[in-house]
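Shown below is the structure under consideration.
Read the figures in this text as sums done on the coordinates, not as results from a lab. This is a predicted model, so every value here is computed, not measured. Methodologically, a virtual Cβ is constructed for each residue, glycine included, from the backbone with ideal geometry; neighbour enumeration extends over all protein chains shown.
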Amino acid sequence: MSRRIVIVGGGPAGVGAALGARAQDASAEIILIDDENVEPYEKPPLSKAVLTGKAMPQDAPIAGPKGVAGANVTRKAARVAEIDRAGRAVVTNGGERIPYDALVLATGSRNRILPMFPEATPGIYYLRTAEEAMALRAHLKLAKSLLLIGGGVVGLEIAASAAELGLKVTVIEIAPRILARVCDEETAAIIHQAHRDHGVAIRTDTVCAGLQRLPDGRLAIVTKANETLAADLVVVGAGAVPDEALAKAAGLAVQDGILVDDRGRTSDPAIFAAGDCTRFAGPHGPVRLENWRHAQEHGAAVGRNAAGGDAAYNPVPSYWSEQYDLYIQGMGWPIAAPSTRVRRKISDTATVMFELDGTTIAYAVGINAQRDIATIRRLIERRIAVDAAELADPAKQLNAMLKPKS
Ligand SMILES: Cc1cc2nc3c(=O)[nH]c(=O)nc-3n(C[C@H](O)[C@H](O)[C@H](O)COP(=O)(O)OP(=O)(O)OC[C@H]3O[C@@H](n4cnc5c(N)ncnc54)[C@H](O)[C@@H]3O)c2cc1C
């Protein structure tokens, strides 16, 4: 009899798991359950081409034009409400019971909701799903001004898209600078300047103290410094939290993310988990990542393991972001105290900042440096010793550093 693998969640981790399981076991029955009633689509375009009206969410199906059905995966549109671990079955909101031999949880993350900005308030938006992107896109067309709460990666992409549409955009950031979680100060300053050049005002060190509705219908934020900032729309980009509710209710080990081992196994050997919803063993301790490539690769590896494989997952994490004409990429594992920071200035518009841990690269952030970043991935993967002065010199080819020194 063929094995039945049930996957909950239709993001890149869930779809990656379905395709990985299919590659491992051609005869398995694979069921993908997702609560968004559409063919799984990519989220990265939502804050970019979808908001600016250049694309629709369904233009980017994760599994390609044939969808998950092309890999002989059955898709079910339903919300899983419960896991019956003893009976090895999931139960949907509609009461349907679906038994499994192996279960993969790929429930992703949810918007972090700030109590001052309740969801479903007219004029206040969060962005995670296609539905939310289409609602925001419709309102951006009608609005003249936007207040963006949070200077993180996705928030700044929304700011760039709104500026491209001609809105007056103000970003409110509580920290002394933008992108504090993802890059060094110098790189953040380049990105900040690009926003300034496009007319976006970024207010750092600014704390929201209250929200008011003005008589003309606009929203106004009162800051802790007692300033009033008004706009037609408020978009909250306050990050995401792992969607671990189902796992927690089922008694699986969770700790700001579903805890998994390097095979993606949870505290129940029949249940695996992958992607944004997990916390897994990274090189510097348990870690949670929220980026596309990790979700997709983790899903693929874990799907294979759920279908009888036995491969460890050891990623070199990476992310990308597009803002105006900046293509920003991060690669590697940031460390708290890099031994050296060195910048490679490739041209006026292209640069890489390296963070070294002794003689190896721990982390690098590039702007318009796609070719170099691909090589840096290999330098990190192979733990190749590098020379900081050579990294800083754009005349020195990074490719040459891949070859062992004689
Ligand atoms: C607007 C936006 C832009 C982004 N841009 C980039 C980018 O440029 N670069 C980058 O690297 N990353 C980007 N990301 C991050 C990246 O998209 C995520 O890291 C990735 O989608 C995570 O994949 P996942 O499969 O773990 O979870 P998700 O994509 O969140 O998918 C989880 C799915 O599970 C469903 N689900 C949850 N619970 C249940 C349940 N109980 N029953 C049924 N279904 C359920 C959810 O509805 C959802 O469809 C972006 C994210 C967003 C929101």
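Rounded, prolate or oblate, given the Cα gyration tensor of the range 236-318, with a/c below 1.5 counting as rounded? Before the final figure, lay out the partial values.
Numbers: a/c = 1.70, a/b = 1.13, b/c = 1.50.
Taking the square roots of the gyration eigenvalues as a ≥ b ≥ c, the range 236-318 is oblate.
Just order 230-238, 69-77, 392-400 by mean Cβ neighbour count inside 10 Å, highest at the front, would you?
Values: 230-238: 22.1, 69-77: 15.8, 392-400: 13.2.
Final packing ranking: 230-238, 69-77, 392-400.
Further, regarding this structure: With the cut-off at 1.5 for a/c, could you classify the range 187-339 from its C-alpha gyration tensor as rounded, prolate or oblate? Don't skip to the end; give the middle numbers.
Details: a/c = 2.77, a/b = 1.80, b/c = 1.54.
Cα axes put the range 187-339 in the prolate bin.
Moving on. Percent relative contact order of the chain, based on C-alpha pairs within less than 8 angstrom and at least six residues apart? Present the calculation step by step, with values, prior to reporting the outcome.
Values: 905 pairs, mean separation 65.1, N = 406.
Once divided by the residue count of the chain, the mean separation gives 16 percent.
Work out the P(r) tail for the range 311-406: percent of alpha carbon pairs separated by more than 20 Å, whole number. The partial results should precede the final answer.
Numbers: 1448 of 4560 pairs.
Distances greater than 20 Å cover 32 percent of the Cα pairs.
Also, quick follow-up: Which helices pass in the chain if a helix is a full DSSP H run, must span at least 15 angstrom along its long axis by Cα, and must have mean Kyte-Doolittle hydropathy not below 0.0? Could the numbers behind the result be given before it?
Numbers: long enough: 12-24 (17 Å, 0.48); 130-142 (19 Å, 0.15); 153-164 (17 Å, 1.31); 185-197 (18 Å, -0.86); 292-306 (21 Å, -1.08); 370-381 (17 Å, -0.47).
In the chain, the long hydrophobic H runs are 12-24, 130-142, 153-164.
Which one, 301, 388, 336, has the greatest fluctuation when you compute a Gaussian network model over the chain with C-alpha springs under 10 angstrom?
336
Counting only DSSP beta bridges with both residues in the range 113-236, tell me the antiparallel percent, nearest 5. Please list the in-between numbers first.
On the way: 9 of 24 bridges.
The answer is about 40 percent antiparallel.
Expressed in nm to one decimal, what extension gain is obtained for the pair residue 76 and residue 138 from 0.36 nm per residue of sequence separation less their Cα-Cα distance?
Values: separation 62, 0.36 × 62 = 22.32 nm, distance 2.88 nm.
My answer for the length gained is 19.4 nm.
Let me ask something additional. So which of 54/345; 43/141; 141/168; 48/224; 43/66 end up more than 24 Å apart by C-alpha? Could you put the intermediate results ahead of the total?
Numbers: 54/345 32 Å; 43/141 21 Å; 141/168 12 Å; 48/224 31 Å; 43/66 18 Å.
In this structure, 54/345; 48/224 exceed 24 Å between Cα atoms.
Longest segment of the chain with no GluC sites (Glu not before Pro) in a DSSP loop having at most 15 other Cβ atoms within 10 Å? The partial results should precede the final answer.
On the way: sites that count: 96, 119, 227.
So the longest stretch without any such site is 228-406.
Hey, another quick one. Rounded to the nearest 0.05, what FRET efficiency do residue 293 and residue 209 have when you use their Cβ-Cβ distance and R0 = 45 Å? Before the final figure, lay out the partial values.
On the way: r = 38 Å, r/R0 = 0.85.
The computed FRET efficiency comes out at 0.75.
While we're on this one: How high is the relative contact order of the range 83-161? Use alpha-carbon pairs under 8 Å, at least six apart in sequence, and give a whole percent. Present the calculation step by step, with values, prior to reporting the outcome.
Details: 37 pairs, mean separation 9.0, N = 79.
Once divided by the residue count of the range 83-161, the mean separation gives 11 percent.
I would also like to ask the following. Could you check what % of the DSSP bridge pairs in the chain are antiparallel, to the nearest 5? Kindly include the intermediate steps, with their values, before the conclusion.
Details: 49 of 82 bridges.
Within the chain, antiparallel bridges account for around 60 percent of the total.
Any chance you could run the full-extension gain for residue 395 through residue 175? It's 0.36 nm times the residue separation minus the Cα-Cα distance, nm to one decimal. It would help to have the intermediate numbers written out before the result.
Values: separation 220, 0.36 × 220 = 79.20 nm, distance 3.65 nm.
Length gained, residue 395 through residue 175: 75.5 nm.
Also, quick follow-up: Radius of gyration and Dmax for the chain's Cα atoms, expressed in Å?
22.3, 74
Continuing with the same structure: What would the Debye formula give as log10 I(q)/I(0) at q = 0.18 Å⁻¹ for the alpha-carbon point model of the range 113-236, no solvent?
At q = 0.18 Å⁻¹ the computed log10 ratios are -0.95.
A follow-up question, please. For the residue pair residue 196 and residue 359, what label-to-label distance in nm results when each label sits 7 Å from Cα along the Cα-to-beta-carbon direction?
Here the answer is 4.1 nm between the modelled labels.
Then there's this: For residue 349 and residue 145, calculate 0.36 nm times their separation in residues minus their Cα-Cα distance, and state this gained length in nm to one decimal. List each step's numbers first, then the result.
Values: separation 204, 0.36 × 204 = 73.44 nm, distance 2.89 nm.
Taking 0.36 nm per residue and subtracting the Cα distance, the gain is 70.6 nm.
So, one more: How about the range 222-285: which trypsin sites (Lys or Arg not before Pro) there lie in a loop by DSSP and see at most 12 other Cβ atoms within 10 Å? Show your work: numbers first, answer last.
Details: sites: 224, 248, 263, 265, 279; in loops: 224, 263.
Within the range 222-285, the qualifying trypsin sites (Lys or Arg not before Pro) (loop, at most 12 other Cβ atoms within 10 Å) are 224.
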